[in-house]
Amino acid sequence: MDVEQYMQQLGSQARAAARQVVASSTAARNNALLAARDFLDAARPELAKANAEDLERGAANGLDGPLMDRLELTPARIDTMLEGLVQVASLPDPVGAISDMNTMPSGIKVGRMRVPLGVIGIIYESRPNVTVEAASLCLKSGNATILRGGSEAIASNLAIARCLAAGLEQAGLPAAAVQVVETADRAAVGRLIAMPEYVDVIVPRGGKGLIERISNDAKVPVIKHLDGVCHVYIDAGADLDMAEAIAINAKTQRYGTCNTMETLLVHAAEVQAILPRLAAAYGQAGVELRGCERTRAIVDSANVATEEDWYAEYLGPILAVRVVDDMEQAMAHIDQYSSQHTESIVTTDHGRAMRFLREVDSSSVMVNASTRFADGFEYGLGAEIGISTDKLHARGPVGLEGLTSQKYVVMGEGQVRT
């Protein structure tokens, strides 16, 4: 296969399909999603066979346990994919919505209309259910998409793609609105991220190495986050029961997510009261603590935290802990070491809470809540394509609205400028 020629073909088809999708009705796009759901449901045997092929190849290639787990399409995971299609179909359609319409002194009316981005390239690893999630969100928001999954899931992804294409065709939409790259050649990724004539934005979903490579090499805009170094700060005078519940949940509810707390900051006024309680709870959960000198003076079991620990995204049962003298010091620490993903303050002081919200420069900032809530579903977006820590276009969980842009629209009655 000539990868260059193949990717050019996919791009050209996607651009043509995008023009048809943007002109389609909400009903047509919803019908495509619901039809795809039915085709996937009917294709369970084919999906199982394709997935078994991927799993067999993965085992032969020595994929580790977590990767093999993410690769597997269990009946329950297929059920979740089907439910996700129904949920996305039920979400409000952002495309075409006009807001901020105002009448100017000239008599013209000026507003902004929400429009699709166009063609979205999505690059991801392991989990074949991402194929359905990404395709459904892109289609609902009026976009065409080119999906490049990991080579380990290629049989599963292609089986899913056939069902999505059948759903599109049944609804009268072009099958090329959702295309899955059929080659495992890594050169396809390099081409996909360097086709601004066909691709409007890239969304990478995967490990830090993948995202760094795409960010460095892409010639089109990228919606991304690299790390999830999230903080919880326990303020002076905080409700200690609340602080304990939030700090335990933010770390232990799930270790391997980008919104899991990796560093705990505690005001010096509360360390004697809260740190022993937290250390006992973390010990029961099997969490290793790495602390500053003031932390280790209170928690004997804590290991020494190095400078690298303050930057670390552990994605596992390890937590860095630092004692600070005031909120200023806590915010300075966050400013220096945070990846601008999610930070939370536990406090009873409204003024300090508002300062924290205003001054902490992350994509999600919380008061008296676990960082684990930084998620599109929890934010009421219905679903998310990913999380962005960038400042332009989209920031935080990216749902349907994040997959659209805005253009100015003007309504006149024959006005001319004098």
The chain, relative contact order [Cα under 8 Å, separation at least 6], % = 18 percent
Given H placed 1.01 Å from N in the peptide plane, which residues other than close sequence neighbours of residue 386 have an amide H under 5 Å from its amide H?
-> 398
How about residue 224: which aspartates and glutamates have a C-alpha closer than 13 Å to its C-alpha, ignoring those fewer than 8 places off in the same chain?
-> 212, 384, 390
Mind ranking 293-299, 133-139, 5-11, 225-231 by how tightly packed they are, going by the mean number of other C-beta atoms within 10 angstrom, highest first?
-> 133-139, 225-231, 5-11, 293-299
All alpha-carbon distances of the range 149-307, grouped into 10 Å bins from 0, give the whole-percent distribution 9, 25, 21, 16, 17, 11, 1
The ³J(HN,Hα) series, computed from each phi in the range 30-42 with the Karplus coefficients 6.51, -1.76 and 1.60 at θ = phi - 60°, rounded to the nearest Hz and given as x for glycine or proline, is 4, 4, 5, 5, 6, 5, 4, 4, 5, 5, 5, 4, 6
Starting at the first residue of the range 134-142, write each ³J(HN,Hα) from the Karplus equation 6.51 cos²θ - 1.76 cosθ + 1.60 with θ = phi - 60°, in whole Hz, x for Gly and Pro.
-> 5, 4, 5, 5, 5, 5, 4, 8, x
Mind listing the Cα extents of the range 1-147 along all three principal axes, in Å, largest one first?
-> 71, 37, 26
Expressed as an acute angle from 0 to 90° and rounded to the nearest 10, what is the orientation of the C-alpha long axis of helix 154-170 relative to the principal long axis of the chain?
-> 50 degrees
Using θ = phi - 60° and the Karplus form 6.51 cos²θ - 1.76 cosθ + 1.60, what ³J(HN,Hα) does each residue of the range 74-86 get, whole Hz, x for Gly and Pro?
-> 6, x, 5, 5, 5, 4, 5, 4, 4, 5, x, 5, 5
Counting only C-alpha contacts under 8 Å and six or more residues apart, can you give the relative contact order of the range 196-319 as a whole percent?
-> 23 percent
Computed lengthening from residue 186 to residue 311, 0.36 nm per intervening residue step minus Cα-Cα distance = 42.0 nm
Quick one: which residues, 5 or more positions from residue 316 or on another chain, have an amide H under 5 Å from its amide H? H modelled 1.01 Å from N in the peptide plane, none for Pro or chain starts.
-> none
State, to one decimal in nm, how far the label point of residue 354 lies from the label point of residue 304, with both points 7 Å from Cα in the Cβ direction.
-> 4.4 nm
In nanometres, the difference between 0.36 nm per residue of separation and the alpha-carbon distance of residue 109 and residue 74 is 7.3 nm
Return the FRET efficiency for the residue pair residue 194, residue 19: r is the Cβ-Cβ distance, R0 is 30 Å, and the value is rounded to the nearest 0.05.
-> 0.85
Yeah, the range 262-344 with a ≥ b ≥ c from its alpha-carbon gyration tensor (a/c under 1.5 is rounded, else prolate when a/b outruns b/c, oblate otherwise) is oblate
At a 1.4 Å probe radius, carbon and sulfur cover how many percent of the accessible area of the range 166-252?
-> 46 percent
Order of exposure, largest accessible area first, which applies to 379, 311 with probe 1.4 Å = 311, 379
Rounded if a/c under 1.5, otherwise prolate or oblate - the chain, Cα gyration tensor axes = oblate
What does the charge add up to near residue 305, with Lys and Arg as +1, Asp and Glu as -1, over the other residues with Cβ less than 13 Å from its Cβ?
-> -2
Would you check the accessible area of residue 354, probe 1.4 Å, heavy atoms only, in square angstrom rounded to 10?
-> 70 Å²
Most mobile listed residue (206, 84, 111) in the chain, GNM with C-alpha springs under 10 Å = 111
How many angstrom lie between the C-alpha centres of the range 151-171 and the range 53-110?
-> 14 Å
Using a Gaussian network model of the chain with C-alpha springs under 10 Å, which one of 355, 162, 205 is most mobile by mean-square fluctuation?
-> 355
Points 7 angstrom from Cα along the Cβ direction at residue 335 and residue 280: gap in nanometres?
-> 3.8 nm
At q = 0.15, 0.17, 0.21 Å⁻¹, the log10 of I(q)/I(0) for the range 241-304 from a Debye sum over equal Cα scatterers comes to -0.43, -0.55, -0.86
Could I have the simple spin-label model distance between residue 273 and residue 326, label points 7 Å from Cα toward Cβ, reported in nm to one decimal?
-> 2.0 nm
With a/c under 1.5 counting as rounded, go ahead and sort the range 3-75 into rounded, prolate or oblate using the C-alpha gyration tensor (a ≥ b ≥ c being the square roots of the eigenvalues; past the cut-off, prolate if a/b is larger than b/c, else oblate).
-> oblate
Taking amide H positions as placed in the peptide plane 1.01 Å from N, state which residues far from residue 324 in sequence (5 or more) or on other chains have amide H under 5 Å from it.
-> 266, 267, 268
Among all the aspartates and glutamates, which ones have a C-alpha under 19 Å from residue 407's C-alpha, if same-chain residues fewer than 8 places away are not counted?
-> 93, 100, 200
Checked against the positive end of the charge dipole of the chain (+1 on Cβ of Lys and Arg, -1 on Cβ of Asp and Glu, about the Cα centre), the farthest of 408, 336, 397 is 408
Top mean-square fluctuation among 392, 117, 67, Gaussian network model of the chain, C-alpha springs under 10 Å?
-> 392
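The values are calculated or read from the model by the stated rules, or taken from the named source; none is laboratory data. Just so it is clear, the model here is predicted, and its values are computed rather than measured. Please note: Cβ atoms are built from the backbone with ideal geometry, for glycine as well, and neighbour counts cover all protein chains shown. Just the protein is used for accessible areas: all its heavy atoms, side chains included, with ligands, DNA and RNA removed. Shrake-Rupley method; radii C 1.70, N 1.55, O 1.52, S 1.80 Å.
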